[in-house]
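The values are calculated or read from the model by the stated rules, or taken from the named source; none is laboratory data. Predicted model, so just to flag it, every value in this text is computed and none were measured. Positions of Cβ are generated from backbone atoms using ideal geometry, with glycine treated the same way; all protein chains shown enter the neighbour counts. Heads up: the accessible areas ignore ligands, DNA and RNA and are worked out on the full protein's heavy atoms, side chains in. Shrake-Rupley method; radii C 1.70, N 1.55, O 1.52, S 1.80 Å.
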Amino acid sequence: NIARLVFRNPGFWEQLTAADHEVLCQLEGAFGDLFRWIDSQVHEHGAQPMAALLAGMAGQPFEAQARQLIEFDNLQPLGRQIEDPETPLSDLRVAVTRLHLEAIDMELKQVQALPSGDGSRIEQEKQLIQQQLAYKKSLHELGKSVRT
């Protein structure tokens, strides 16, 4: 969903935070490759229209997956690539916030697996829970703005 939203609205990438970029670029596999490529494209060329992104991704290892996302996007009638300036940024924020929550959940499980005698465990766990609560609050607020 995040990749589709960025393709529909290439300017969205620049509106994400550094933490958002980091969590997306740290993904493994084709999606991580795709987001790292998008990040480098935006740094080198600024926000580009979808047509330029599609042309630039030719031969990239993630090209097939990216094109498949675009082709199956229900906002792409008959497989035509269109940009959708009406898609609200809040949709992207919700999707990225959920990704942050997943990343924190995985990190929290790793920290909780540390020996109970590890002095840094409690502090790490506390920080992660605080981050988790902040993202959940943000998600709740985003949900309110999407409904209104």
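Based on this model, can you work out whether residue 41 counts as without any contact (Cβ under 8 Å) to a residue 24 or more places away in the chain and surrounded by 18 or more Cβ atoms within 10 Å (Cβ to Cβ)? Judged against the criteria, residue 41 is a match.
Every condition in (1) open to solvent by less than 40 Å² (accessible area, probe 1.4 Å); (2) in contact with an Asp or Glu (Cβ under 6 Å, 6 or more places away or on another chain); (3) modelled with pLDDT under 85; (4) at negative phi is met by residue 111 except one, and the failing one is (3).
Taking the range 1-38 on its own, how many of its residues are among the small types (Gly, Ala, Ser) and open to solvent by 50 Å² or more (accessible area, probe 1.4 Å)? Steps first, answer last, please.
Residues of the range 1-38 among the small types (Gly, Ala, Ser): 3, 11, 18-19, 29-30, 32.
Filter once more, so that each one left must be open to solvent by 50 Å² or more (accessible area, probe 1.4 Å): 18.
The total comes to 1.
Just so you know, in the range 63-84 the residues that are modelled with pLDDT of 65 or more and either aliphatic (A, V, I, L, M) or outside any helix (DSSP H, G or I) (or both) include one that is surrounded by the fewest Cβ atoms within 10 Å (Cβ to Cβ), and it is 64.
Between 97, 148, 87, the distinction of being of a type in the set (Val, Ile, Thr), at pLDDT 80 or above and either farther than 19 Å from residue 3 by Cβ or open to solvent by less than 50 Å² (accessible area, probe 1.4 Å) (or both) belongs to 97 only.
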